[in-house]
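K.L.:
Before we start, here is the structure in question, set down as structure tokens.
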Amino acid sequence: MKISLNSIVTLHHKLGLTDGSVLEDTFDGEPLTYHLGSGELAEGLELSLIDLEEGDEQTLDIGPDLAFGFPVDDMIHSLPRNEFNPDLELQPGLIIEFSTPTGETVPGTILEFDDASVKVDFNHPLAGQTIRYSVKIVAIEDSDEIPPLLN
């Protein structure tokens, strides 16, 4: 069976950057399961799996256009410092989860701060990066349920 846009795929993966840094690696642990089309994986990561079969392994470099996008200036905001926990030790590069008005959580990277405000970048932390993605397919299932992104 080959992976299609609606497959449920169990796999080991290593997600990193082209400089060799590794951000996530499941090869020494339990594999992960994803329903393609559900939005759990970036578009380019999903597309890289299409037509692979159980047991297949591959490593690809995926550009920002199909991975986590390019940084957008409109995603950088200044927030009042008093909205942050006073015990939180802020530092540039620190990634914090923020809650949106709809209850979703999004990562924000602290760029700079002073006593009055904190400049936060809400672009995905990997925006603008070429991603090196290695996978080994463990299992493939067909699904009758159409995930939200394919509707």
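K.L.:
Tell me the Kirkwood hydrodynamic radius of the range 73-121 in angstroms, computed as one over the mean inverse distance between distinct C-alpha pairs.
P.N.:
On the way: mean 1/r = 0.0896 Å⁻¹.
This gives a value of 11.2 Å.
K.L.:
Sticking with this structure for a sec: What ranking do 7, 99, 38 get, fewest neighbouring Cβ atoms within 10 angstrom at the top? Working shown, then result.
P.N.:
Working: 7 22, 99 9, 38 17.
If I rank by nearby Cβ atoms, fewest first, I get 99, 38, 7.
K.L.:
Of the options 10, 49, 59, report the single residue whose Cα projects farthest towards the positive end of the charge dipole of the chain (beta-carbon charges: Lys, Arg +1; Asp, Glu -1).
P.N.:
My answer, from the dipole projection, is 59.
K.L.:
In addition: Name the lysines eligible as straight-distance cross-link partners of residue 136: C-alpha to C-alpha under 22 Å, and not fewer than 8 places from it in the same chain.
P.N.:
Within the straight-line limit of under 22 Å, residue 136 reaches these lysines: 2, 14.
K.L.:
In square nanometres, what is one fourth of the surface area of the convex hull spanned by the alpha carbons of the range 25-91?
P.N.:
8.3
K.L.:
Which distance in nm do the two modelled labels at residue 88 and residue 33 give, with both placed 7 Å along the Cα-to-Cβ direction?
P.N.:
Going by the 7 Å Cα→Cβ label model, 3.5 nm.
K.L.:
When 26, 100 are ordered from fewest to most other Cβ atoms inside 10 Å of their Cβ, what list results?
P.N.:
100, 26
K.L.:
How would 74, 61, 87 line up from fewest to most surrounding beta-carbon atoms within 10 angstrom?
P.N.:
With the sparsest Cβ surroundings first, the list reads 87, 74, 61.
K.L.:
Under 5 Å between amide hydrogens, which residues at least 5 positions from residue 62 or on another chain qualify, with H placed 1.01 Å from N in the peptide plane?
P.N.:
131, 132, 133
K.L.:
Right, another one. May I ask for the distance between the Cα centers of the range 92-108 and the range 8-61, given as a whole number of Å?
P.N.:
Result: 24 Å between the Cα centres.
K.L.:
For every helix of n ≥ 4 consecutive DSSP H residues, a contribution of -39,500 (n - 2.57) applies; sum these over the chain, divide by its total residues, and give [θ] at 222 nm rounded to the nearest 500 deg cm²/dmol.
P.N.:
Values: 1 runs with 5 residues, N = 151.
Only helices count here, giving -500 deg cm²/dmol.
K.L.:
Using amide H atoms built in the peptide plane, which far-off residues or other-chain residues are under 5 Å from residue 113 H to H?
P.N.:
So residue 113 has HN proximity to 119.
Each reported figure results from applying straightforward, stated rules to the coordinates on display, with no laboratory input. Because the structure is predicted, anything quoted here is derived from the model rather than measured. Here the Cβ is made from the backbone with ideal geometry for all residues, glycine too, and neighbour counts use every protein chain on show.
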